[in-house]
Amino acid sequence: MPIAIDQVESPCYVLDEALLRQNLQLIRSVAESAGVEIIVAFKGFAMWSAFPVVREYVRGATASSPHEARLAFEEMKTLAHTYSPAYVEREFDEICQFSSHITFNSLAQFERFQPLVKKFEQQAGRHISFGLRINPEFAVVATDLYNPCAPGSRLGIAVDHLPKQLPEGIEGLHFHALCESNSFDLENALAEIERKFGHLLPQIQWFNMGGGHLMTRKGYDVAHLIRVLTAFREKWGLKIILEPGSAFAWDTGVLVSQVVDIVENQGIKTAILDVSFTAHMPDCLEMPYKPRIRGAHQEPVANLPTYRIGGNSCLSGDFIGDWSFGAPLKVGDTIVFEDMIHYTMVKTTTFNGVPHPSIAIWRDGQGLQVVRRFTYEDYRNRLS
């Protein structure tokens, strides 16, 4: 049963549990069919109120900070596969406490922190698996902001900076070269990795293919993905790990907002909402991309009421282009932004002190459950 938008307070993010389960079922089927492990990446989806559902299908999680690693332990009930571009000593004991795998971005970081991990292992009585992130220098991502293999990237070790024999203690390699990419991009990336790093693959136990595998997007060739993963796993005899972010929550929910004013300047009508692009949908400005609005024409249509949609912060650029509607907008109208659960809540801010949207889950048979409302104290407590 679809979300009953008229039951949702504005502004509010609403996750549709049934749609989330559809994605999770597909992800689990890929993992089982290909014989690989797929874990959730918190950088794309960290709505921990939904983790009890996620845990029914997927057990693992990946983290990039002490806080994400702790979230994995406390809310996903698992130790994290942790990678950071640079660890700092004051946080590293917490990283060890909540991690099963730790991947290093450079040999210098590995050499610096290996003794601390060994010390922790002796005290805790459990093993932590070390990995190195490699940079295949294979770029298919058009937007440099999201391209891990852009020229001069700080992420991962290029092949000419690695020894022929991996340092003792390294059990895995990790790469990330994709962003909302398809299985053919992955296949090409793996071919490049085999060409450059193939001599290192027999030296490891696990291989982490990072994120960017948008297997839940309509039209994604899931069967081809399974073939690619299976062939690579069987060829090299490795445990294979994927950690997609967007795929888990892709098209699983909305951001409900309301028109609070309509202004006109030089012939441009702007509908100002009770949400902000820069504060609540920052990916739209960073990528950039134009989100879909339910019931609206994505591009202007002649002779239809057309509006620029603006946010409620004082940033002049807090708007995205124009949409056309079947009827003129008026104050109080509901505007529903589609696909606003991944890479939204994880990146929101309280810029300008604009109220943060509530967070809710829609469950078939149970209706709407608001799991979080934000207050002045949430804004104040981020400051000093």
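Where a number appears in this text, it was derived from the coordinates with a stated rule and is not lab data. No experiment lies behind these values; they were computed from the predicted model shown. Heads up, the Cβs are rebuilt from the backbone with ideal geometry, glycines too, and the neighbour counts pull from every protein chain shown.
Name the helices (complete DSSP H segments) of the chain with a Cα length along the long axis of 18 Å or more and a Kyte-Doolittle mean of at least -1.0, or state none. Mind dumping the intermediate values first?
Numbers: long enough: 17-34 (25 Å, 0.07); 107-124 (24 Å, -0.62); 183-197 (20 Å, -0.36); 222-236 (21 Å, 0.38).
Length and hydropathy pass: 17-34, 107-124, 183-197, 222-236.
HN-Hα J couplings of the stretch 311-318 from phi, Karplus 6.51/-1.76/1.60, θ = phi - 60°, integer Hz, Gly and Pro as x?
Result, rounded to whole Hz: x, 9, 8, 8, 5, 4, x, 7.
From the phi angles alone, apply the Karplus equation (6.51, -1.76, 1.60; θ = phi - 60°) to the stretch 208-220 and give each ³J(HN,Hα) in whole Hz, x where the residue is Gly or Pro.
Coupling constants for the stretch 208-220: 9, 8, x, x, x, 8, 8, 5, 9, 6, 4, x, 5 Hz.
Take the alpha-carbon centre of the stretch 157-229, take the same for the stretch 321-382, and report the distance between them in whole Å.
When both Cα centres are located, 36 Å separates them.
Set Lys and Arg Cβ to +1 and Asp and Glu Cβ to -1, take the dipole of the chain about its Cα centre, and tell me which of Ser84, Leu304, Pro167 lies farthest positive.
Pro167
Note the full-extension length gain between Gln266 and Arg380 as 0.36 nm times their separation in residues minus their Cα-Cα distance, in nm to one decimal.
Full extension from Gln266 to Arg380 adds 37.3 nm.
If amide H atoms are built 1.01 Å from N in the plane of the peptide, which residues on other chains or at least 5 residues away come under 5 Å of the amide H of Ile272?
Val260, Asp261, Ile262, Val263, Gly310
Counting only C-alpha contacts under 8 Å and six or more residues apart, can you give the relative contact order of the chain as a whole percent?
Once normalised by length, the contact order is 20 percent.
Going by Cα centres, the stretch 291-312 and the stretch 71-140 are how many Å apart?
Here the two parts' Cα centres lie 46 Å apart.
Let's see if you can work this out: charge +1 on each Lys and Arg Cβ, -1 on each Asp and Glu Cβ, no other charges. What is the dipole magnitude of the stretch 1-69 about its Cα centre, in debye to the nearest 20?
Working: 5 positive and 8 negative charges, 52 e Å.
Dipole size: approximately 240 debye.
Want the number for Ser324 to Ser153: 0.36 nm per residue separation, take away the alpha-carbon distance, what's left? The partial results should precede the final answer.
Details: separation 171, 0.36 × 171 = 61.56 nm, distance 4.01 nm.
Length gained between Ser324 and Ser153: 57.5 nm.
Treating the beta-carbon of each Lys and Arg as +1 and of each Asp and Glu as -1, no other charges, what is the dipole magnitude of the chain about its Cα centre, to the nearest 20 debye?
Details: 35 positive and 44 negative charges, 117 e Å.
So the magnitude is around 560 debye.
log₁₀ I(q)/I(0) of the stretch 35-249 at q = 0.14, 0.16, 0.17 Å⁻¹, via Debye over equal Cα point scatterers, no solvent, to two decimals?
Those come out to -0.84, -1.12, -1.28, one per q.
Looking only at the stretch 92-127, which residues have a backbone nitrogen under 18 Å from a spot 7 Å from the Cα of Trp48 in the C-beta direction?
Under cut-off, by backbone N: 94-100.
Assign unit charges at the C-beta atoms only (+1 for Lys and Arg, -1 for Asp and Glu), then state the dipole size of the stretch 35-249 relative to its Cα centre in Debye, rounded to the nearest 20.
Numbers: 21 positive and 24 negative charges, 53 e Å.
For this selection, approximately 260 debye.
Would you please give the residues with an amide H less than 5 Å from that of Val301, counting only those at least 5 places away or on a separate chain, with H modeled from the backbone geometry?
The answer is Ser324.
If you build a Gaussian network model of the chain, linking Cα atoms that sit under 10 Å apart, which residue out of Asn265, Asn352, Asn147 swings the most?
Asn265
How much length is gained on full extension from Phe184 to Thr230, taking 0.36 nm per residue of separation minus their Cα-Cα distance? Don't skip to the answer; put the middle values down first.
Details: separation 46, 0.36 × 46 = 16.56 nm, distance 1.42 nm.
My answer for the length gained is 15.1 nm.
Quick one: work out Rg over Rh on the C-alpha atoms of the chain, Rh as Kirkwood radius. Let's see the in-between values first.
Details: Rg = 22.4 Å, Rh = 22.4 Å.
When Rh is taken as the Kirkwood radius, the ratio is 1.00.
Run the numbers on the stretch 335-384 and let me know its relative contact order in percent, using alpha-carbon pairs under 8 Å that are six or more apart. Write out the running numbers ahead of the final one.
Numbers: 31 pairs, mean separation 13.0, N = 50.
Reported relative contact order: 26 percent.
Please tell me the relative contact order of the stretch 86-217 in percent, rounded to the nearest whole number, where contacts are Cα pairs under 8 Å and at least six residues apart. Walk me through the intermediate numbers first.
On the way: 192 pairs, mean separation 30.8, N = 132.
That works out to 23 percent.
Highest first, please rank the peptides 226-239, 272-285 by the mean number of other Cβ atoms sitting within 10 Å of their residues.
Numbers: 226-239: 16.3, 272-285: 22.8.
Final packing ranking: 272-285, 226-239.
Collect residues whose amide H, placed 1.01 Å from N in the peptide plane, falls under 5 Å from the amide H of Phe319; neighbours closer than 5 in sequence don't count.
It is Gly311, by chain and number.
So in the stretch 35-249, what percent of DSSP beta bridges are antiparallel if you round to the nearest 5?
Among the beta bridges of the stretch 35-249, antiparallel pairing accounts for roughly 0 percent.
Please identify, among Ile361, Ile341, Ile39, the residue showing maximal mean-square fluctuation in a Gaussian network model of the chain using a 10 angstrom Cα cutoff.
Comparing Ile361, Ile341, Ile39 in a Gaussian network model of the chain, the most mobile one is Ile361.
To check you understand DSSP bridge types, tell me what percent of the beta bridges within the chain (both residues inside) are antiparallel, rounded to 5.
Values: 27 of 61 bridges.
That works out to approximately 45 percent antiparallel.
Nearest 500 deg cm²/dmol is fine: what mean residue ellipticity at 222 nm does the chain get from its DSSP H runs of n ≥ 4 alone, each adding -39,500 (n - 2.57), divided by its residue count? Intermediate values should be presented prior to the final figure.
Details: 11 runs with 107 residues, N = 384.
About -8000 deg cm²/dmol.
If you plug each phi of the stretch 167-181 into the Karplus form 6.51 cos²θ - 1.76 cosθ + 1.60 with θ = phi - 60°, what whole-Hz ³J(HN,Hα) values come out, in order, with x for Gly and Pro?
Per residue, the Karplus-derived 3J(HN,Hα) values read x, 4, x, 7, 10, x, 10, 9, 9, 9, 10, 10, 7, 6, 9 Hz.
Cross-link partners among lysines for Lys196, C-alpha distance below 28 Å, same-chain residues fewer than 8 apart left out?
Cα-Cα hits under 28 Å: Lys164, Lys235, Lys239.
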